[in-house]
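Encoded as structure tokens, the structure appears first; notes follow it.
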Amino acid sequence: MLSKINALRKILENKNLDGILIYKPENRRYFSGFTGTTGFIIVTKHEAKFITDFRYVSQAKEECKGYDIIEIGRSEPLTNIINELNIENMGVEDEFFTYRHFLELNSNLPNLSIIALEGELTKIRSIKSEEELNYIAKAASLADEAFKYIVDFIKPGACEKDIALELEVYMRKKGATGTSFNFIVASGLRSALPHGVASDKLIEDGEFVTLDYGCIYEGYCSDMTRTVIVGKANEKQKEIYSIVLKAQETALKAVRPGITGKELDEIARDIITNEGYGEYFGHGLGHGVGLEIHELPHINTKGDEPLKPGMVITIEPGIYIPNFGGVRIEDLVVVKENGYHVLSNTSKELMEI
Ligand code: ZN
Ligand code: ZN
């Protein structure tokens, strides 16, 4: 963990801080190796402390290499530790740091300046190591396998929720430790809901079914979407599917270091807009994936940072037409030195089942 502690110390230097406090689970795991559910990291120029309660002390000693493990009571404030470390300017995870923690620190240490880290930690996490890439690839391959398995369950009369459950059980039996989010199984008119979480609806003949799911392997997420047709596709369904596929494949082929998320978004959006469906593509093209299902880099109109090798992103354009249905196609992709590598290997041909 020494290289990760050093990365934190670089932030201290750049932002002129005396200490950094981390407790968002994904950051905590990344920077310390700790897989438990309660614990704080405090890193200063010379100290690296992992603070947890009685339940996790032995685990922290085993997992958090390079850190001094400090035990505190479950509701004991961090005040004394921060005081002993002489921290005056402390960086915090502003998107996670709660008002309760603010009050606790502010009332006990009125001179402590609490400073927003503004995504510095997630920026570091956006570039994956070989080991992380292997975990994500494994999570993606479990999703691919699950797709082959689930095809037989997608038929008239099948319930969306049952399909979601089958997907989950299958991936967990094969080694996934959880799902990366609440699966989307959206059939018929519901497929026009970009986030139509599996419901009690029964699938009918002639409907689109959008499946958006992924699993967690060694803490890392996968994410993939496929849209299929139950029975035979009509002309309009074929048209929409082929536009989304063209947008998806064109944006995918443009993935390389240096391009921005915004530019990728534009490539896909232009294709859909030129075909007359621009107003029905109401979300960003994709997102970064790692310990969190949605993380940096931005792959949408906010994505101004050039992509770098080792980033893992999704490319997932869609067209959603109210009272008709919708199509989304999503692949998980690694940015490589010379372009990209697709981790989702399930076919994107329109599947009529
Ligand atoms: Zn997805
Ligand atoms: Zn996604």
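Pairs linking a residue in the stretch 220-240 that is of a type in the set (Phe, Trp, Tyr) to a residue that is away from ligand 2 (no atom under 16 Å from the Cβ) and open to solvent by less than 20 Å² (accessible area, probe 1.4 Å), with Cβ atoms under 7 Å and 6 or more positions apart or on different chains, are Tyr220/Glu132. Taken as a whole, the structure leaves Val327 outside the set of residues that are over 19 Å from His195 (Cβ atoms), within 16 Å of ligand 1 (Cβ to nearest atom), out of contact with any Leu (no Cβ under 6 Å at 6 or more places or on another chain) and open to solvent by less than 30 Å² (accessible area, probe 1.4 Å).
For the criterion of being touching a Ser or Thr at 6+ places or on another chain (Cβ under 8 Å) and either not in a loop (DSSP other than H, G, I, E, B) or not assigned by TED's automatic domain parsing to the domain that holds Ile203 (or both), Leu105 passes. For the condition within 30 Å of Tyr217 (Cα to Cα), crowded, with 16+ Cβ neighbours inside 10 Å and aliphatic (A, V, I, L, M), Ile81 does not qualify.
For the stretch 115-158, the candidate set comprises residues that are of a type in the set (Lys, Arg) and more than 26 Å from Ile5 (Cα to Cα); within that set, the residue that is most open to solvent (accessible area, probe 1.4 Å) is Lys148.
Criterion first (surrounded by fewer than 18 Cβ atoms within 10 Å (Cβ to Cβ), farther than 28 Å from Gly231 by Cα and within 15 Å of ligand 2 (Cβ to nearest atom)) does Val342 satisfy it? Judged against the criteria, Val342 is a match.
Selection over the stretch 316-353 of residues that are of a type outside the set (A, V, I, L, M), part of a strand (DSSP E or B) and under 22 Å from Phe147 (Cα atoms) gives a count of 8.
Looking across the stretch 302-315, just one residue is within 16 Å of ligand 2 (Cβ to nearest atom) and either free of Cβ contacts under 8 Å to residues at least 12 places away in the same chain or open to solvent by 20 Å² or more (accessible area, probe 1.4 Å) (or both), and that is Lys302.
Between Arg100, Arg74, Arg55, Arg28, the distinction of being at pLDDT 95 or above, open to solvent by 50 Å² or more (accessible area, probe 1.4 Å), at negative phi and in the same structural domain as Leu121 (by TED's automatic domain parsing) belongs to Arg55 only.
The values are calculated or read from the model by the stated rules, or taken from the named source; none is laboratory data. What you are looking at is a predicted structure, and each value in this text was computed from that prediction instead of being measured. Backbone-built Cβ (ideal geometry, glycine too); neighbour counts: all protein chains shown. Accessible surface areas use protein heavy atoms only, side chains included; no ligands, DNA or RNA. Shrake-Rupley method; radii C 1.70, N 1.55, O 1.52, S 1.80 Å.
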